[in-house]
Amino acid sequence: MNFSDVLSEGQVERVHAEAERLLAETGIKVLDEDLLRRCREAGCAVEPHSGAVRVPKPLLRELIGRAPRTYAIRGIGGRAFEVGGAQPWGVAIVTDPWIVDYETQRPRRPRLEDLRRHTIIAEQMDGVAAISRMDFPVEDVPGPASSLRALEMHLLHTTKHYYFPSASPESNGMWMDLMRILADGNDATQARLFSVMVAVISPLVFSSVNADLLRLAAEYNAPVMPTVCPMAGSTSPYTPGGTLLLGHAENLAAAALTQILCPGHPFLYAFGPSVTDLRTGHDLYYTLDKVLWKAAGVQLAKHVHLPAAAECGGTMTFRSDPQNGAEGMLFMLSAVASGADILAGFGSCYCGVGMSAEMMLIQEAWLGAARHLMRGIDTSERLLASDRLREAGPGGAFLTDPLTLELMRGDGFFKHPLFDRSPAEQEGRGMLERAHERVEEIVSRAVSPVPASIQEQLRRYFHDTCKKLECA
């Protein structure tokens, strides 16, 4: 099996055909009157009392065809990144409900300093085009403004594109304010500084809050990334194939609703399935089944010509142990081999609810290893080096061979500063220790790249917003 073709061509066509049938015959439940009206006007069959929207196959294909195959995103630094082009780009996270503490090697709740450190690390990662953040309070800032202070700390230290989720109209309004601040006097609707994460509630429900998010995305020209997270055994069938089918159908539904609301709007196919542990009820987000799901999801996205994301990070454990390494490298290799346009989740571990600064850099190292493996072996005439073998002859040596001297500082063989390469380099310092040393080096010399005018506006906005919350 090749990681880039988990599904055969026939399997891709079958899954897609069944997803089209599911949306045409069963449909998706839409809990928003305005969006229901737009669906009806577009040609969908709408049941007003239940909110069921059935999309005929020809219409679904037409709607999916409106989404662009490539689009650009930017940060406040002005650099543009093409999503769907030849170069895949990374998305890092900067906080989760649990932070794996380097000193204790145990999970703890996030602190304000974690937001600063993790944002600084993500800002320095060349392959990371965008950042996302779970909306979670920090333990050293009590009260209702805790999560807002965490967001302030984060935004004060990054110039990168931002993927944001929202769960309320109030949060939507806040993000509209922040878009205008970060645009710094420019037209926020044209800046494309944000992508909007829009959830589908498995199985096949689209809420009014997420319809509001779609409208916000359309108003601000912000690309849409769905959060499609079916859980095998609880919100999707307890089979890898059934969960894949539901995830594909929900992506198609989200893409269709996006195009109904705003034809030609950028949409990124994304799929984050998990398995329900039927003994405990726990959600198992990073089981090895995801290695297959990632690649299969990208195959299905390519089948309908949509740019695709795949989670590149992730392990089930917070420990720096063999399980962590095996899962992490397999996840990274499958994501890179799939041909995904966005590699999401640098830093993520511990079943999708934990992270650390060290893990961000370790996963970046795994990315380098995966890309090296994907290159294969160059057997071109020059690098096959048959002429060098003939010249050296039996018993010859190659330490001072011209080709050795030419290539010795190149990238023909894998090397990375976080990987041990010889016993002489180890000295008791493993990958985790090396990553921590690098984290400390980066953080110690960091200066915020955010322009002073934007920093001042952000501080004023969060001061006023937090004061209102604390006085409420």
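The values are calculated or read from the model by the stated rules, or taken from the named source; none is laboratory data. No experiment lies behind these values; they were computed from the predicted model shown. Using ideal geometry, Cβ is built from the backbone for each residue, glycine included, and neighbour counts are taken over all protein chains shown.
Observations on the structure shown:
- Residue in segment 166-189 that is surrounded by 17 or more Cβ atoms within 10 Å (Cβ to Cβ), of a type in the set (Ser, Thr, Tyr), within 23 Å of residue 272 (Cβ to Cβ) and touching a helix residue (DSSP H, G or I) at 6+ places or on another chain (Cβ under 8 Å) present: yes
- Residue within segment 97-110 that is under 30 Å from residue 185 (Cα atoms), without any contact (Cβ under 8 Å) to a residue 60 or more places away in the chain and either touching a Cys at 6+ places or on another chain (Cβ under 6 Å) or not acidic (Asp, Glu) (or both) present: no
- So residue 9, is it surrounded by 15 or more Cβ atoms within 10 Å (Cβ to Cβ) and among the acidic types (Asp, Glu): no
- Scanning segment 120-159 for residues being of a type in the set (Ser, Thr, Tyr) and part of a loop (DSSP other than H, G, I, E, B) gives a total of 2.
- Unique residue being at pLDDT 95 or above and under 18 Å from residue 68 (Cβ atoms) when the list is 205, 224, 228: 224
- Options 321, 401: the member that is outside the structural domain of residue 287 (by TED's automatic domain parsing) and on the phi < 0 side of the Ramachandran plot: 401
- Looking across segment 379-396 at every residue that is among the small types (Gly, Ala, Ser) and out of contact with any helix residue (DSSP H, G or I) (no Cβ under 7 Å at 6 or more places or on another chain), the one that is surrounded by the fewest Cβ atoms within 10 Å (Cβ to Cβ) is identified as 395.
- Scanning segment 223-240 for residues that are outside any strand (DSSP E or B) and in contact with a Pro (Cβ under 8 Å, 6 or more places away or on another chain) yields 223, 229, 230, 235.
- Residue match in segment 292-301 (condition: at pLDDT 95 or above, surrounded by fewer than 22 Cβ atoms within 10 Å (Cβ to Cβ) and within 25 Å of residue 164 (Cα to Cα)): no
- Look at (1) surrounded by 21 or more Cβ atoms within 10 Å (Cβ to Cβ); (2) touching a strand residue (DSSP E or B) at 6+ places or on another chain (Cβ under 6 Å) and you find that residue 199 fails only one, number (1).
- Filtered residues of segment 412-446 (kept if at pLDDT 90 or above, farther than 21 Å from residue 319 by Cα and of a type in the set (Asp, Glu)): 441
- The single condition from (1) closer than 22 Å to residue 65 by Cβ; (2) free of Cβ contacts under 8 Å to residues at least 40 places away in the same chain; (3) of a type outside the set (S, T, N, Q); (4) surrounded by fewer than 18 Cβ atoms within 10 Å (Cβ to Cβ) that residue 237 fails is (1).
- Being within 20 Å of the chain's Cα centre (by Cα) and closer than 22 Å to residue 274 by Cβ is a property that residue 198 has.
- Here residue 314 meets each of (1) surrounded by fewer than 18 Cβ atoms within 10 Å (Cβ to Cβ); (2) assigned to a loop (DSSP other than H, G, I, E, B) with one exception, condition (1).
The rows are residues; the columns are (1) among the hydrophobic types (A, V, I, L, M, F, W, C); (2) under 29 Å from residue 38 (Cβ atoms); (3) outside the structural domain of residue 101 (by TED's automatic domain parsing).
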| position | (1), (2), (3) |
| --- | --- |
| 213 | yes, yes, no |
| 224 | yes, yes, no |
| 255 | yes, yes, no |
| 262 | yes, yes, no |
| 265 | no, yes, no |
| 292 | yes, no, no |
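- The single condition among (1) surrounded by 11 or more Cβ atoms within 10 Å (Cβ to Cβ); (2) modelled with pLDDT under 95; (3) more than 16 Å from the chain's Cα centre (by Cα) that residue 376 does not meet is (1).
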